[in-house]
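Below: the structure, in structure tokens.
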Amino acid sequence: MASVEKFGDIEPMPKIYPIGGGKGGVGKSFVVASLGALLARNGRTVALIDLDLGASNLHTFLGMPAPKDGLNRFLNKHAATLESTAAPTPVTNLFLISSSTCSMEIANLFYAQKIKLINAIKKLPFDYVLIDLGAGTNFNTLDFFLTSNKGVFVCTPEPTSIENAFRFIKAVYLRKIKQLIKRHDFDAQAKAAVLDTASNALTAQDIIDIVATYDPEKESFFKAHIGRFHFKLVLNQFRKNADAGLGNKIETVCNRHFYSPFEFLGGVAFDERVIDSIYAKKLYVKNYPATATTMELKLIAELLTNGQPASSLLQQAL
Amino acid sequence: MKTFENENYYQILQVPANARVDEIKHAYRGALAIYGAESVATYSLFSDEQRERLLQAIEAAFDTLINEEKRIAYNQMLIDTGQVDAALFSRQGQRKLEAYCDTRTLSNEKRLGQWVQKKADTPEIRQRIEAILAKEMLSGLELKQLREAYGIDISEIHAVTKISGDSLKRIEANQFDDLPAEIYVKQFLKAYAEVLRIDAGHVIDSYLKFMARAMPDNDHDRA
């Protein structure tokens, strides 16, 4: 753990990428494990946090046994810092903070624990922190997703997965907007209308309309705040018969109809051998370094690190 | 979620104001592929009514922009209501050529920029320029003097800004009655000042001030 602790004094801010997507089985954990391994191979320190609370199995994708300790030691105060619960993985520079040893009731995290955890994540002394989130849109998942303004959605090209992804995006928006209203000095009428728990069918647009009506001065503040999010999208398990332009279409649509910028990072080809790797308990990108799937994951990792498309991607665009 | 409510037909189809017919058709097909009921990309994103409204807007946009007469009338409406700068339409049909000329335009601009910089660095010329710019009002004649101090021809400004030589001459000749609406004059002055690398805000303000003084009677008529 020496390599981790040496960063302890300077407290650098990690780049945090929460990875969610609404639907189960779309490959969130696979994408997290693969990207983590690829980022770490470029010489950066990476921590993966398994926050699929109650259904945690990120370690399996990494080809390692479940760590004996993890998040539970931090939550039950046996570990002073979150980074000290990070276990080394078979990949150099890659660490895993697992929740597989947490109690069976971990899925219902207390509010105070959640805040403590979120604050600790923001201070982790790694270059990158990837958070593996669970399916669904419960508040814990949404709040972990909101830890950073660089959330990544993973979905597959199927309508059911896209439906859940949109629902997840809308839920994240709603949560963020309500947080903003609670924490800032909004007009009392606007506050009351938005936070009225009886009217829980409110959409993000409804709220923006309410604010525009009662507190017009805050409207631009609001939009600027939501505009700070940069959502990213990965289409996993991409098969040859799927619409090749689907990712770009979703990007276009989201950019037009939501108030934040969206970026399609790329598709990841479907490969049977991903399942084989899980059975064999081996890390896919290490075992199959030259498949289309791995190449595409590499491109995505590059987009995340450089913040711009790889030069090979740029050439395609021209 | 945002809708197309405040968007004009060009924005709805996401084409430039001087798009060719084939570009409009292409954009229309693209929009249908995204917003059509069968589209996976927007599956469950919109309610049925929302989708219906979006599709209606797309149809209306296509219907107008694909019809030459309707499109001209629509463009005029956009210009009259100040939604779109007329200059954006005037380049219609020139875009194809421009694509080829792009590199030339760029080098023109660069060459002219270097020339202007060289002149501005000459103390004698700099003094003349500063003397003219120190005035509170700026007539067309003084703009011309500025330009001539840099040794630049009207055609060179046209080459970079795409403002017609006639408009530029009218500005310099104080032919206010023949100038387009103020908003365009401002745009022209801004581009003009940028070529000469002088403060655009000052040029606009002081020229408009001069213009207002020179034509008080007309203002009365308009009021």
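The values are calculated or read from the model by the stated rules, or taken from the named source; none is laboratory data. These numbers come from a predicted model, not from an experiment. Backbone-built Cβ (ideal geometry, glycine too); neighbour counts: all protein chains shown.
Could you tell me which numbered condition A:ARG167 fails, if it satisfies all but one of (1) within 26 Å of A:ASP206 (Cα to Cα); (2) out of contact with any Gly (no Cβ under 7 Å at 6 or more places or on another chain)?
(2)
Just need a number here: residues in the range A:246-279 that are more than 12 Å from every other protein chain (Cβ to nearest Cβ), in contact (Cβ under 8 Å) with a residue 12 or more places away in the chain and part of a helix (DSSP H, G or I).
4
Looking only at helices (runs of 4 or more DSSP H) that fall completely inside the range A:26-80, which ones have 2 or more residues that are under 22 Å from A:ASN287 (Cα atoms)?
Working: elements: A:28-41, A:58-61, A:71-75.
In the range A:26-80, the matching helices (runs of 4 or more DSSP H) lie at A:28-41, A:58-61.
Give me the residue from the range A:136-179 that is more than 24 Å from A:PHE270 (Cα to Cα) and in a loop (DSSP other than H, G, I, E, B) and, out of that set, nearest to the other protein chains (Cβ to nearest Cβ).
The extreme case among them is A:THR137.
So if I check each of B:GLU69, B:GLU7, which one is within 11 Å of another protein chain (Cβ to nearest Cβ) and either at pLDDT 90 or above or assigned to a loop (DSSP other than H, G, I, E, B) (or both)?
Working: B:GLU69 fails: within 11 Å of another protein chain (Cβ to nearest Cβ).
After applying the criteria, what remains is B:GLU7.
Residues B:SER139, B:SER164: which one is closer than 30 Å to B:LYS110 by Cβ and hydroxyl-bearing (Ser, Thr, Tyr)? Talk me through it step by step, then tell me what you get.
On the way: B:SER139 fails: closer than 30 Å to B:LYS110 by Cβ.
After ruling out the rest, the residue left standing is B:SER164.
Residue-by-condition table, conditions (1) among the acidic types (Asp, Glu); (2) in contact with a helix residue (DSSP H, G or I) (Cβ under 8 Å, 6 or more places away or on another chain); (3) surrounded by fewer than 18 Cβ atoms within 10 Å (Cβ to Cβ):
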position	(1), (2), (3)
B:LEU112	no, yes, no
B:ARG128	no, yes, yes
B:LEU133	no, yes, yes
B:LEU143	no, yes, no
B:LEU196	no, yes, no
B:GLY201	no, no, yes
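Restricting attention to the range A:234-245, report how many residues are modelled with pLDDT of 95 or more and either part of a loop (DSSP other than H, G, I, E, B) or within 12 Å of another protein chain (Cβ to nearest Cβ) (or both).
The qualifying residues number 1.
Among the candidates B:LYS169, B:LYS135, B:LYS119, which residue alone is touching a residue at least 12 places away in the same chain (Cβ under 8 Å) and either under 18 Å from B:TYR184 (Cβ atoms) or not assigned by TED's automatic domain parsing to the domain that holds B:TYR184 (or both)? Steps first, please.
Numbers: B:LYS135 fails: either under 18 Å from B:TYR184 (Cβ atoms) or not assigned by TED's automatic domain parsing to the domain that holds B:TYR184 (or both); B:LYS119 fails: either under 18 Å from B:TYR184 (Cβ atoms) or not assigned by TED's automatic domain parsing to the domain that holds B:TYR184 (or both).
After ruling out the rest, the residue left standing is B:LYS169.
Please state which of the following conditions A:LYS282 fails to meet, knowing it meets all the rest: (1) within 14 Å of another protein chain (Cβ to nearest Cβ); (2) assigned to a loop (DSSP other than H, G, I, E, B); (3) touching an Asp or Glu at 6+ places or on another chain (Cβ under 9 Å).
Just one mismatch for A:LYS282, condition (1).
For residues that are surrounded by fewer than 21 Cβ atoms within 10 Å (Cβ to Cβ) and out of contact with any strand residue (DSSP E or B) (no Cβ under 9 Å at 6 or more places or on another chain), scanning just the range A:284-293, find the one that is farthest from A:HIS59 (Cα to Cα). Spell out the reasoning first.
Looking only at the range A:284-293, we keep the residues that are surrounded by fewer than 21 Cβ atoms within 10 Å (Cβ to Cβ), and these are A:286-292.
Filter again for out of contact with any strand residue (DSSP E or B) (no Cβ under 9 Å at 6 or more places or on another chain), leaving A:286-290.
On the way: A:LYS286: 15, A:ASN287: 16, A:TYR288: 18, A:PRO289: 19, A:ALA290: 23 Å.
Result: A:ALA290.
If you check A:ALA242 against the conditions, is it out of contact with any helix residue (DSSP H, G or I) (no Cβ under 9 Å at 6 or more places or on another chain), closer than 30 Å to B:ALA33 by Cβ and not hydroxyl-bearing (Ser, Thr, Tyr)?
Working: out of contact with any helix residue (DSSP H, G or I) (no Cβ under 9 Å at 6 or more places or on another chain): yes; closer than 30 Å to B:ALA33 by Cβ: yes; not hydroxyl-bearing (Ser, Thr, Tyr): yes.
So A:ALA242 fits the description; yes.
Please go through the range B:13-32 and pick out each residue that is under 30 Å from A:PHE168 (Cα atoms) and either part of a loop (DSSP other than H, G, I, E, B) or at the interface with chain A (Cβ under 10 Å from one of its Cβ atoms) (or both).
Of the residues in the range B:13-32, the ones under 30 Å from A:PHE168 (Cα atoms) are B:13-14, B:27-32.
Those that are under 30 Å from A:PHE168 (Cα atoms) and either part of a loop (DSSP other than H, G, I, E, B) or at the interface with chain A (Cβ under 10 Å from one of its Cβ atoms) (or both): B:GLN14, B:GLY30, B:ALA31.
Select from the range B:115-163 the residues that are among the β-branched types (Val, Ile, Thr) and in a loop (DSSP other than H, G, I, E, B) and write down the one among them that is nearest to B:MET215 (Cα to Cα).
Result: B:ILE163.
Among (1) more than 13 Å from chain B (Cβ to nearest Cβ); (2) at pLDDT 80 or above; (3) assigned to a loop (DSSP other than H, G, I, E, B), there is one condition A:PRO216 misses while meeting the rest; what is its number?
Status for A:PRO216: all satisfied but (2).
Condition (residue is touching a Lys or Arg at 6+ places or on another chain (Cβ under 8 Å) and of a type outside the set (Ser, Thr, Tyr)) applied to the range A:46-61: is it met by at least one residue?
Yes, the range A:46-61 contains a residue that is touching a Lys or Arg at 6+ places or on another chain (Cβ under 8 Å) and of a type outside the set (Ser, Thr, Tyr).
How many residues are at the interface with chain A (Cβ under 7 Å from one of its Cβ atoms) and of a type in the set (S, T, N, Q) when one looks only at the range B:33-65?
Qualifying residue count, the range B:33-65: 2.
Restricting to the range B:28-58, name every residue that is acidic (Asp, Glu) and either surrounded by 14 or more Cβ atoms within 10 Å (Cβ to Cβ) or within 17 Å of B:MET1 (Cβ to Cβ) (or both). Quick ask: steps written out before the conclusion?
Restricting attention to the range B:28-58, the residues satisfying the condition of being acidic (Asp, Glu) are B:38, B:48-49, B:52.
Residues satisfying the conditions are B:ASP48, B:GLU49, B:GLU52.
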